[in-house]
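As structure tokens, the structure follows; a few thoughts come after it.
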Amino acid sequence: MSLPLAGVCSRIAVFDEQLAQTKASLSVDFPWYPYNSLGGFYELIQRLSNATPAVLSITGQGQVLDLCCADGDVAFFLESLGYQVTAVDFAGTNCNRLAGIRAMKAALASSIEIHEMDLDSQFLLNDNYNLVIFMGGLYHLKNPFYVMDTLARHAVHVVLSTRIARYTPDRLIDMSSAPLAYLLAPNEANQDDTNYWIFSEPGLKRLFDRTNWELLSLLALGSEQSDPARNEADARIFCVLRSRLVPQGVELLDGWHKIESSGWRWTKREFAIGLPNTEPGVVLRLRLNFALADSVFNLLGPVTLTALADGEPLPSMLIPAPGEHSYVVTLPESRSVRFILNKSVPPGSLGDDRELGLIVTSVTAKREIGSFSSDG
């Protein structure tokens, strides 16, 4: 599903009014979330207009996660556009202990899934998501590194906004040119003891890079004199991120070992991927980026990589030396591709009980108009 940016923005105002009317019609004994989440989402996609339409169009074939969802306004809006949405928040820090989103789900006859999850615990995600909406939640986390690292293993894209700072509150340290974070004292910012880490812009970028995110689009807004504590010196970053860990447009089938901490995977001698369906006249450009490890080359010498698309042979590739390599091919309509090395390291040969082939750093399949070819 793809909806033009102008269409998304025009629907937000209408849906926001519908949400307000629905809330006003309900007799409740709890406070609603006091901030306009949907207005913030509108600002975010407007500000990131170059990257947002592509991200929104991608999500039509997968799930969306609204993280730190408050009363679920953004989740319900995305559901109204046709997306499958999961909303996550923690009752202990939610302003009405999730009573608001549950009341709205019933009133709207919504099908969104609501999960209570404490992001400050060692939480686990059981599903994968094409898009995560994560607005205004990062600086409320005790361990933002763990959260961003976990998301990178389960989500293709994140659309994120968070507070940043240029100076420390005493104005003595300029944070703007270094990858820093300021740890707030309880109630130092907005009398809210759930505020923790406020990053500098370079610090936030460093966090993204160290947790395996590629920064697609970024916009910083707010005070040039921003600091972590004062509301009148508030500054925010809006950004779109893409995971370096989650395969794009493909499904990993058999022959893959568990992902390593830096985001790459060992393969076995044979390994396979599943491919998305394509429309008539559209082909897939498949790119496999990998490395032949020095230790493997020293044991095996040059290695040959062959590939089969639904059993039909693709061009083979000689890997003559250790180091980084790429196999690139444009495929006709196919359901899967199986890669086969002519030799691999047997279990135990390098002090590892696994069969070892290549180190794959990324694999992508992108739709293109064209005909079959190979750059392998």
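The values are calculated or read from the model by the stated rules, or taken from the named source; none is laboratory data. It should be emphasised that the depicted structure is a prediction, and the values quoted were computed from it without experimental measurement. Neighbour counts are summed over all protein chains in view; Cβ atoms, including those assigned to glycine, are modelled from backbone coordinates with ideal geometry. For the accessible areas, the whole protein counts, side chains as well, though only heavy atoms, and no ligand, DNA or RNA atoms are used. Shrake-Rupley method; radii C 1.70, N 1.55, O 1.52, S 1.80 Å.
Where residues in segment 227-239 are open to solvent by 50 Å² or more (accessible area, probe 1.4 Å) and in contact (Cβ under 8 Å) with a residue 12 or more places away in the chain, which of them is nearest to residue 133 (Cα to Cα)?
Within segment 227-239, the first condition is being open to solvent by 50 Å² or more (accessible area, probe 1.4 Å), and the residues that meet it are 230-232, 236.
Of the ones still in play, those that are also in contact (Cβ under 8 Å) with a residue 12 or more places away in the chain are 230-231, 236.
Values: 230: 26, 231: 24, 236: 16 Å.
If we take residues in segment 227-239 being open to solvent by 50 Å² or more (accessible area, probe 1.4 Å) and in contact (Cβ under 8 Å) with a residue 12 or more places away in the chain, then 236 is nearest to residue 133 (Cα to Cα).
Take segment 237-295 and flag every residue that is assigned to a strand (DSSP E or B), of a type in the set (Lys, Arg) and touching a helix residue (DSSP H, G or I) at 6+ places or on another chain (Cβ under 9 Å).
Restricting attention to segment 237-295, the residues satisfying the condition of being assigned to a strand (DSSP E or B) are 237-243, 248, 251-252, 256, 265-267, 270-274, 282-292.
Next, only the ones that are of a type in the set (Lys, Arg) stay: 242, 265, 285, 287.
Passing the criteria: only 242.
Give me a count of the residues in segment 99-119 that are farther than 16 Å from residue 74 by Cα, surrounded by 17 or more Cβ atoms within 10 Å (Cβ to Cβ) and charged (D, E, K, R).
0
So is residue 125 touching a Phe, Trp or Tyr at 6+ places or on another chain (Cβ under 7 Å), at pLDDT below 95 and either part of a loop (DSSP other than H, G, I, E, B) or under 24 Å from residue 220 (Cα atoms) (or both) or not? So that I can check it myself, show each step before the final result.
Working: touching a Phe, Trp or Tyr at 6+ places or on another chain (Cβ under 7 Å): no; at pLDDT below 95: yes; either part of a loop (DSSP other than H, G, I, E, B) or under 24 Å from residue 220 (Cα atoms) (or both): yes.
So residue 125 fails the test.
Would segment 316-332 turn up any residue that is part of a strand (DSSP E or B), farther than 29 Å from residue 149 by Cα and either of a type in the set (Lys, Arg) or open to solvent by 50 Å² or more (accessible area, probe 1.4 Å) (or both)? I'd like the intermediate steps shown before the answer.
Restricting attention to segment 316-332, the residues satisfying the condition of being part of a strand (DSSP E or B) are 316-319, 323-331.
With farther than 29 Å from residue 149 by Cα added as a condition, the list becomes 316-319, 329-331.
With the extra rule that they be either of a type in the set (Lys, Arg) or open to solvent by 50 Å² or more (accessible area, probe 1.4 Å) (or both), the set shrinks to 316, 318.
Checking segment 316-332: at least one residue is part of a strand (DSSP E or B), farther than 29 Å from residue 149 by Cα and either of a type in the set (Lys, Arg) or open to solvent by 50 Å² or more (accessible area, probe 1.4 Å) (or both).
Hey, can you tell me all the residues within segment 130-151 that are open to solvent by less than 10 Å² (accessible area, probe 1.4 Å), closer than 18 Å to residue 218 by Cα and either out of contact with any helix residue (DSSP H, G or I) (no Cβ under 9 Å at 6 or more places or on another chain) or in a helix (DSSP H, G or I) (or both)?
Selection gives 138, 148.
Is it the case that segment 356-374 has a residue that's modelled with pLDDT of 95 or more, of a type outside the set (A, V, I, L, M) and either part of a strand (DSSP E or B) or open to solvent by 10 Å² or more (accessible area, probe 1.4 Å) (or both)?
No.
Which numbered condition trips up residue 298, out of (1) more than 33 Å from the chain's Cα centre (by Cα); (2) at pLDDT below 95?
So residue 298 meets the others, but not (2).
Go through segment 158-195 and give me each residue that's outside any loop (DSSP other than H, G, I, E, B) and among the hydrophobic types (A, V, I, L, M, F, W, C).
Pass one, segment 158-195, residues outside any loop (DSSP other than H, G, I, E, B): 158-164, 167, 174, 181-183.
The answer is 158, 159, 160, 164, 181, 183.
Restricting the search to segment 132-156, which residues are modelled with pLDDT under 90 and of a type in the set (A, V, I, L, M)?
Within segment 132-156, 156 is the sole residue that qualifies.
Scan segment 185-195 residue by residue and report those that are open to solvent by less than 70 Å² (accessible area, probe 1.4 Å) and either of a type in the set (D, E, K, R) or under 26 Å from residue 241 (Cα atoms) (or both).
So the first thing to find is which residues in segment 185-195 are open to solvent by less than 70 Å² (accessible area, probe 1.4 Å), and the list is 185, 187-189, 192, 194-195.
Matches in segment 185-195: 188, 192, 194, 195.
Taking the residues in segment 196-226 that are part of a loop (DSSP other than H, G, I, E, B) and open to solvent by less than 50 Å² (accessible area, probe 1.4 Å) as candidates, determine which candidate is nearest to residue 156 (Cα to Cα). Give the steps one after another, and end with the answer.
Of segment 196-226, the ones part of a loop (DSSP other than H, G, I, E, B) are 196, 200, 211-212, 223-226.
Restricting the remaining residues to those that are open to solvent by less than 50 Å² (accessible area, probe 1.4 Å) gives 200, 211-212, 223, 226.
Details: 200: 25, 211: 13, 212: 11, 223: 31, 226: 31 Å.
Checking each candidate, the answer is 212.
Return yes when residue 346 is without any contact (Cβ under 8 Å) to a residue 24 or more places away in the chain, open to solvent by 50 Å² or more (accessible area, probe 1.4 Å) and on the phi < 0 side of the Ramachandran plot and no when it is not.
Working: without any contact (Cβ under 8 Å) to a residue 24 or more places away in the chain: yes; open to solvent by 50 Å² or more (accessible area, probe 1.4 Å): yes; on the phi < 0 side of the Ramachandran plot: yes.
Yes: the conditions hold for residue 346.
Restricting to segment 188-204, give me the number of residues that are within 18 Å of residue 94 (Cβ to Cβ) and touching a Ser or Thr at 6+ places or on another chain (Cβ under 8 Å).
Residues of segment 188-204 within 18 Å of residue 94 (Cβ to Cβ): 190-196.
Now restrict to residues that are touching a Ser or Thr at 6+ places or on another chain (Cβ under 8 Å): 194.
Number of matching residues: 1.
Does residue 127 satisfy the condition of being open to solvent by 50 Å² or more (accessible area, probe 1.4 Å) and within 20 Å of residue 199 (Cβ to Cβ)? So that I can check it myself, show each step before the final result.
Values: open to solvent by 50 Å² or more (accessible area, probe 1.4 Å): yes; within 20 Å of residue 199 (Cβ to Cβ): no.
It is false that residue 127 is open to solvent by 50 Å² or more (accessible area, probe 1.4 Å) and within 20 Å of residue 199 (Cβ to Cβ).
Against the condition open to solvent by less than 10 Å² (accessible area, probe 1.4 Å) and at pLDDT below 95, how does residue 159 come out, does it pass? Write out each step before concluding.
On the way: open to solvent by less than 10 Å² (accessible area, probe 1.4 Å): yes; at pLDDT below 95: yes.
For residue 159, the condition - open to solvent by less than 10 Å² (accessible area, probe 1.4 Å) and at pLDDT below 95 - is met.
Surrounded by 13 or more Cβ atoms within 10 Å (Cβ to Cβ), of a type in the set (A, V, I, L, M) and under 21 Å from residue 250 (Cβ atoms): is that true of residue 293 in this structure? Even if it seems obvious, please write down each step before you answer.
Values: surrounded by 13 or more Cβ atoms within 10 Å (Cβ to Cβ): yes; of a type in the set (A, V, I, L, M): yes; under 21 Å from residue 250 (Cβ atoms): no.
Here the answer is no, as residue 293 does not meet what is asked.
What number goes with the only condition from (1) open to solvent by 40 Å² or more (accessible area, probe 1.4 Å); (2) closer than 15 Å to residue 236 by Cβ; (3) in contact with a Pro (Cβ under 6 Å, 6 or more places away or on another chain) that residue 166 does not pass?
(3)
Looking at segment 85-109, which of the residues that are touching a strand residue (DSSP E or B) at 6+ places or on another chain (Cβ under 9 Å) and under 22 Å from residue 9 (Cβ atoms) is modelled with the lowest pLDDT?
Among those that are touching a strand residue (DSSP E or B) at 6+ places or on another chain (Cβ under 9 Å) and under 22 Å from residue 9 (Cβ atoms), it is 85.
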